[in-house]
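Visitor: Quick one: the structure is below, and I'll ask about it shortly.
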Amino acid sequence: MAQPAVVEGVLERITYANEENGYTVARVDTGRGAGDLLTVVGSLLGAQVGESLRMEGRWGSHPQYGRQFTVENYTTVLPATVQGIRRYLGSGLVKGIGPIFADRITQHFGTDTLRIIEEEIGRLIEVPGLGPKRTRKIAAAWEEQKAIKEVMLFLQTVEVSTSIAVRIYKKYGDASISVVRKEPYRLAADVWGIGFLTADRIAQSVGIPHDSPERVKAGLQYALSQSADQGHCFLPEERLIADAVKLLQVDTGLVIECLAELAAEEEGVVRESVPGPEDGLPVTAVYLVPFHRAELSLSAQLSRLLRAEDDRLAAFRDVDWDRALTWLAARTGAELAPEQREAVRLALTDKVAVLTGGPGCGKSFTVRSIVELARAKKAKVVLAAPTGRAAKRLAELTGAEASTVHRLLELKPGGDAAYDRDRPLDADLVVVDEASMLDLLLANKLVKAVAPGAHLLLVGDVDQLPSVGAGEVLRDLLAPGSPVPAVRLTRIFRQAQQSGVVTNAHRINSGLPPVTTGLADFFLFAEEDTEAAGRLTVDVAARRIPAKFGLDPRRDVQVLAPMHRGPAGAAALNGLLQQAVTPARPDLPERRFGGRVFRVGDKVTQIRNNYEKGENGVFNGTVGVVTGLDPVEQRLTVRTDEDEEVGYDFDELDELAHAYAVTIHRSQGSEYPAVVIPVTTGAWMMLQRNLLYTAVTRAKRLVVLVGSRRALGQAVRTVGAGRRCTALDHRLAMGGGVRL
């Protein structure tokens with residue numbers, strides 16, 4: 001085995017970094033001159049380009065890359081030469097100092113520069129161009145960077161990434177190390193990006209016992225939050241206990257004791273007997289408190305709206321419908337089909353109604369007709385949808401303003417809405433499109449904000465995938481015994497029958513294979529090998545479709561993958577599509593973060609709800625394009641689909657992922673001129689009918705399937721997973737819940 005050795009040098013660039021485990025490949029200048037850089041590999045968590053490092057490790061050789069040094073431990077050493085200090089300050093390490101100011105500062109103070117910044121930072125004002133404002137900013141950035149470094153060094157033993165250390169510091173400030181040492185499980189609840197498993201590693205390293213009740217309670221809450229991420233509002237008690245025993249590797253008795261203690265705590269969990277999701281037999285459901293409150297509240301609010309004595313659309317109670325519909329046909333230039341007429345009447349005479357149906361069945365025209373009639377009676381109509389793209393589409397359809405649900409409710413930092421039961425929306429009719437995307441928490445906020453007597457119309461396709469968040473709200477509202485009236489449109493209009501996209505969507509939904517030959521807008525590129533299918537998907541999306549149909553590969557073409565991982569998964573395809581659509585150029589600024597590189601022009605998506613960003617928060621699934629990247633201010637700017645400019649500090653870039661390819665789940669509520677769908681045997685477990693149906697219905701003009709006929713057959717045949725664990729349908733059938 002190679003002997004231990006010590007190497008000192010300046011970190012010149014990071015070639016690769018895994019944000020999850022800290023494994024890094026980097027190039028270091030050891031001062032040998034002639035531009036000769038050494039390759040170092042290993043855990044360099046927290047090390048920044050420009051820093052001088054003292055690295056302990058061992059020499060080795062890589063068959064492809066030659067001699068390299070494996071780092072086992074490192075410390076940072078402040079550079080001593082003017083050249084080293086200039087490189088260190090100009091590397092983007094300190095927000096507000098780029099190469100130009102680094103040059104001016106080191107010219108002015110020479111080798112004394114770092115002592116001045118540390119002890120007499122007010123003297124920076126002596127440097128030409130550095131006013132009091134920038135000096136204060138640099139001082140704050142220097143202090144923050146020092147404090148984060150301390151947290152990083154403390155956390156180095158448990159392999160926590162730099163971005164998570166930054167978040168811990170931003171959350172707890174000077175108390176960071178104390179919280180990490182004494183209350184590590186708090187991190188899982190308080191800091192995004194730290195799940196129970198990371199908190200558990202930290203807890204072990206600071207000596208918290210394996211069978212500590214604190215650990216078991218945190219594990220139970222983690223198991224429930226994991227199930228919420230999979231769409232469940234609760235877990236049956238027996239299943240939760242089994243999951244927790246497996247996760248924690250502790251005795252069942254201890255888990256049962258801790259669950260009882262959690263149920264007795266105000267903000268712990270709630271236990272309640274409800275019908276089970278599969279057979280309807282009673283189960284003891286265990287909820288995290290926010291989901292239990294939301295489910296009770298949503299059922300109660302819907303019952304309140306349905307029973308309201310006031311009617312803000314009272315003019316439609318005694319309307320002459322034949323005359324009204326004749327007027328409407330003259331205005332819109334088309335007659336409504338019988339089931340569409342029923343939907344129009346329902347929306348304007350019932351306080352809460354649902355309109356559902358597949359593509360080409362006239363949902364959009366029905367909505368437009370409802371809005372036209374309501375406006376004719378001078379009603380105040382408010383239109384919303386869960387995503388920016390869906391809201392834009394609704395506005396184009398109706399000729400009226402539409403917004404996202406989040407913007408409509410004016411959600412504030414922390415997630416509270418400006419509009420709620422005490423301050424309802426000023427609307428006589430609220431129409432929400434793409435309602436299959438509404439999860440339990442958002443639906444509760446929305447329904448709370450509808451005034452008594454106002455009408456609420458939820459429009460969506462119940463056969464699509466359910467919401468990304470917990471719940472199956474649209475399906476529960478349509479369940480047998482629900483008091484909410486609904487119309488399902490089933491007739492495909494003649495014009496839509498000419499579309500291969502529409503006819504194949506209905507074939508898939510009926511369990512029939514799509515027709516893939518002889519159509520001008522629906523194709524299958526057969527390729528059995530998963531890796532080859534991934535490469536072909538990229539070629540189709542980036543080159544073939546733009547060449548044949550004149551579509552922009554970034555704006556008009558969307559790759560929709562069944563899963564994130566694998567050679568034809570969204571992650572791998574994003575890397576290949578970025579190379580094809582937004583390749584590296586010397587004049588194009590970029591920023592590496594973890595295993596990803598962000599460039600101006602990149603198509604990106606937000607991967608968490610962040611109520612602190614933008615005017616009313618930026619939400620999981622929001623898509624945009626990178627429009628700016630400032631290495632000095634360490635900030636990246638994204639213009640979202642809602643035409644809002646949103647800034648991200650470089651340490652927040654793990655909130656963004658590339659969106660050249662997205663999972664089908666993430667595409668809900670969006671519509672694209674063309675979609676390309678890899679359907680491969682590598683995604684076998686994910687291949688389900690509603691997944692494929694959702695992907696195909698995202699396309700306006702063109703669908704290209706790439707992959708295996710066998711995998712396509714599997715997707716069409718497989719009806720899908722069982723019902724999510726929710727009790728909203730039960731509560732609605734029982735007449736609502738309690739007022740919350």
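The values are calculated or read from the model by the stated rules, or taken from the named source; none is laboratory data. The model shown is predicted, which means the values in this text are computed figures rather than measured ones. Cβ sites come from the backbone with ideal geometry, for glycine too, and all protein chains shown count toward neighbours. All accessible areas refer to the heavy atoms of the entire protein, side chains included, with ligands and DNA or RNA removed. Shrake-Rupley method; radii C 1.70, N 1.55, O 1.52, S 1.80 Å.
Visitor: Have a look at A353, A374, A395 and point out the one that is buried (at least 20 other Cβ atoms within 10 Å of the Cβ), under 38 Å from the mean Cα position of the chain (by Cα) and under 30 Å from A695 (Cα atoms). Let's see the steps before the verdict.
Guide: Details: A374 fails: under 30 Å from A695 (Cα atoms); A395 fails: buried (at least 20 other Cβ atoms within 10 Å of the Cβ).
Among A353, A374, A395, only A353 is buried (at least 20 other Cβ atoms within 10 Å of the Cβ), under 38 Å from the mean Cα position of the chain (by Cα) and under 30 Å from A695 (Cα atoms).
Visitor: Moving on to the next point. I'm trying to understand the selection: among the residues of the range 359-371, which are open to solvent by 10 Å² or more (accessible area, probe 1.4 Å) and in contact (Cβ under 8 Å) with a residue 60 or more places away in the chain? Please lay out each step first, then the result.
Guide: From the range 359-371, those open to solvent by 10 Å² or more (accessible area, probe 1.4 Å) are 359-360, 362-365, 368; that's our starting set.
Listed by number, the residues that qualify are P359, G360, G362, K363.
Visitor: Just checking, does the range 270-282 include any residue being open to solvent by 40 Å² or more (accessible area, probe 1.4 Å), basic (K, R) and in a helix (DSSP H, G or I)?
Guide: The answer is no; no qualifying residue exists.
Visitor: Starting from residues that are touching a Gly at 6+ places or on another chain (Cβ under 9 Å) and more than 18 Å from A337 (Cβ to Cβ), keep the ones in the range 474-498 and report whichever is most open to solvent (accessible area, probe 1.4 Å).
Guide: Taking the range 474-498 as the starting set, the residues that turn out to be touching a Gly at 6+ places or on another chain (Cβ under 9 Å) are 474, 483, 487-493, 495-497.
Now narrow it down to the ones that are more than 18 Å from A337 (Cβ to Cβ): 474, 483.
Working: L474: 7, P483: 61 Å².
Per the stated criteria, the residue is P483.
Visitor: Could you list all residues from the range 225-269 that are hydroxyl-bearing (S, T, Y) and either crowded, with 17+ Cβ neighbours inside 10 Å or in contact (Cβ under 8 Å) with a residue 12 or more places away in the chain (or both)?
Guide: Going residue by residue through the range 225-269, those that are hydroxyl-bearing (S, T, Y) are 225, 227, 252.
Within the range 225-269, S225, S227 qualify.
Visitor: Anything in the range 621-657 that is in contact with an Asp or Glu (Cβ under 9 Å, 6 or more places away or on another chain), outside any loop (DSSP other than H, G, I, E, B) and polar (S, T, N, Q)? List them, or say none.
Guide: T627, T637
Visitor: Still on this structure: Take the residues in the range 567-609 that are among the β-branched types (V, I, T) and assigned to a strand (DSSP E or B), then tell me which one is nearest to F650 (Cα to Cα).
Guide: Looking only at the range 567-609, we keep the residues that are among the β-branched types (V, I, T), and these are 581-582, 597, 600, 604-605, 607.
Keeping just the survivors that are assigned to a strand (DSSP E or B) gives 597, 604-605.
Numbers: V597: 12, V604: 15, T605: 16 Å.
The selected residue is V597.
Visitor: Sticking with this one: I want to confirm something. Restricting to the range 439-454 and keeping residues that are touching an Asp or Glu at 6+ places or on another chain (Cβ under 6 Å) and either part of a loop (DSSP other than H, G, I, E, B) or of a type in the set (V, I, T) (or both), which single residue is most open to solvent (accessible area, probe 1.4 Å)?
Guide: Filtering the range 439-454 for residues that are touching an Asp or Glu at 6+ places or on another chain (Cβ under 6 Å) and either part of a loop (DSSP other than H, G, I, E, B) or of a type in the set (V, I, T) (or both), the one most open to solvent (accessible area, probe 1.4 Å) comes out as P452.
Visitor: How many residues are aliphatic (A, V, I, L, M), more than 20 Å from S436 (Cα to Cα) and touching a residue at least 60 places away in the same chain (Cβ under 8 Å) when one looks only at the range 372-404? Talk me through it step by step, then tell me what you get.
Guide: Let us first name the residues in the range 372-404 that are aliphatic (A, V, I, L, M), namely 373-374, 376, 379, 381-385, 390-391, 394-395, 397, 400, 402.
Right, trim to more than 20 Å from S436 (Cα to Cα) and you get 373-374, 376, 379, 381, 400.
Of the ones still in play, those that are also touching a residue at least 60 places away in the same chain (Cβ under 8 Å) are 374, 379.
Of the residues in the range 372-404, 2 are aliphatic (A, V, I, L, M), more than 20 Å from S436 (Cα to Cα) and touching a residue at least 60 places away in the same chain (Cβ under 8 Å).
Visitor: I'd like the full set of residues that are modelled with pLDDT under 85, surrounded by 12 or more Cβ atoms within 10 Å (Cβ to Cβ) and among the hydrophobic types (A, V, I, L, M, F, W, C), limited to the range 1-21.
Guide: Within the range 1-21, I14, A17 meet the criteria.
Visitor: Name the single residue, out of those in the range 87-107 being in contact with a Pro (Cβ under 8 Å, 6 or more places away or on another chain) and either at pLDDT 85 or above or assigned to a loop (DSSP other than H, G, I, E, B) (or both), that is most open to solvent (accessible area, probe 1.4 Å).
Guide: Here is the first cut: in the range 87-107, the ones in contact with a Pro (Cβ under 8 Å, 6 or more places away or on another chain) are 87-88, 90, 92, 98, 104.
Filter once more, so that each one left must be either at pLDDT 85 or above or assigned to a loop (DSSP other than H, G, I, E, B) (or both): 98, 104.
Values: G98: 4, R104: 96 Å².
Restricting to residues being in contact with a Pro (Cβ under 8 Å, 6 or more places away or on another chain) and either at pLDDT 85 or above or assigned to a loop (DSSP other than H, G, I, E, B) (or both), the top hit is R104.
Visitor: Quick one: is A470 within 30 Å of the chain's Cα centre (by Cα), over 19 Å from P359 (Cβ atoms), at pLDDT 90 or above and open to solvent by less than 10 Å² (accessible area, probe 1.4 Å)?
Guide: Yes; evaluated as a whole, the condition is true for this residue.
Visitor: Also, quick follow-up: Just checking, does the range 316-326 include any residue being basic (K, R), more than 25 Å from Q464 (Cα to Cα) and free of Cβ contacts under 8 Å to residues at least 24 places away in the same chain?
Guide: To start, the set of residues in the range 316-326 that are basic (K, R) comprises 317, 323.
If we keep only those that are more than 25 Å from Q464 (Cα to Cα) too, we end up with 317, 323.
After this cut, where a residue has to be free of Cβ contacts under 8 Å to residues at least 24 places away in the same chain as well, the list is 323.
The answer is yes; a qualifying residue exists.
Visitor: Do we find that D654 is open to solvent by 10 Å² or more (accessible area, probe 1.4 Å) and on the phi > 0 side of the Ramachandran plot in this structure?
Guide: no
Visitor: Could you check the range 512-535 and list, in sequence order, the residues that are buried (at least 17 other Cβ atoms within 10 Å of the Cβ), of a type in the set (S, T, N, Q) and more than 30 Å from the chain's Cα centre (by Cα)?
Guide: T516
Visitor: Looking at this structure, is T111 out of contact with any Leu (no Cβ under 6 Å at 6 or more places or on another chain), over 15 Å from Q48 (Cβ atoms) and at pLDDT 90 or above? Let's see the steps before the verdict.
Guide: Values: out of contact with any Leu (no Cβ under 6 Å at 6 or more places or on another chain): yes; over 15 Å from Q48 (Cβ atoms): yes; at pLDDT 90 or above: no.
No, not satisfied.
Visitor: In this structure, does R215 turn out to be surrounded by fewer than 18 Cβ atoms within 10 Å (Cβ to Cβ) and either in a helix (DSSP H, G or I) or in contact (Cβ under 8 Å) with a residue 24 or more places away in the chain (or both)? Spell out how you get there, then give the answer.
Guide: Numbers: surrounded by fewer than 18 Cβ atoms within 10 Å (Cβ to Cβ): no; either in a helix (DSSP H, G or I) or in contact (Cβ under 8 Å) with a residue 24 or more places away in the chain (or both): yes.
It is false that R215 is surrounded by fewer than 18 Cβ atoms within 10 Å (Cβ to Cβ) and either in a helix (DSSP H, G or I) or in contact (Cβ under 8 Å) with a residue 24 or more places away in the chain (or both).
Visitor: In the range 176-194, how many are open to solvent by 30 Å² or more (accessible area, probe 1.4 Å) and out of contact with any strand residue (DSSP E or B) (no Cβ under 9 Å at 6 or more places or on another chain)?
Guide: To start, the set of residues in the range 176-194 that are open to solvent by 30 Å² or more (accessible area, probe 1.4 Å) comprises 177-178, 181-183, 186, 188-190, 192-193.
If we keep only those that are out of contact with any strand residue (DSSP E or B) (no Cβ under 9 Å at 6 or more places or on another chain) too, we end up with 177-178, 181-183, 186, 188-190, 193.
Total meeting the criteria: 10.
Visitor: Restricting to helices (runs of 4 or more DSSP H) lying wholly in the range 455-566: which have 2 or more residues that are closer than 24 Å to P583 by Cβ?
Guide: Details: elements: 473-477, 494-497, 500-509, 530-539, 545-549.
Ranges flagged: 530-539, 545-549.
Visitor: So which residues in the range 283-294 are part of a helix (DSSP H, G or I), open to solvent by 20 Å² or more (accessible area, probe 1.4 Å) and not basic (K, R), if there are any at all?
Guide: The answer is P290, F291, H292.
Visitor: Check the range 328-349 and report whether any residue there is open to solvent by 40 Å² or more (accessible area, probe 1.4 Å), under 35 Å from the mean Cα position of the chain (by Cα), of a type in the set (A, V, I, L, M, F, W, C) and closer than 28 Å to L429 by Cα.
Guide: No, there is no match, as no residue in the range 328-349 is open to solvent by 40 Å² or more (accessible area, probe 1.4 Å), under 35 Å from the mean Cα position of the chain (by Cα), of a type in the set (A, V, I, L, M, F, W, C) and closer than 28 Å to L429 by Cα.
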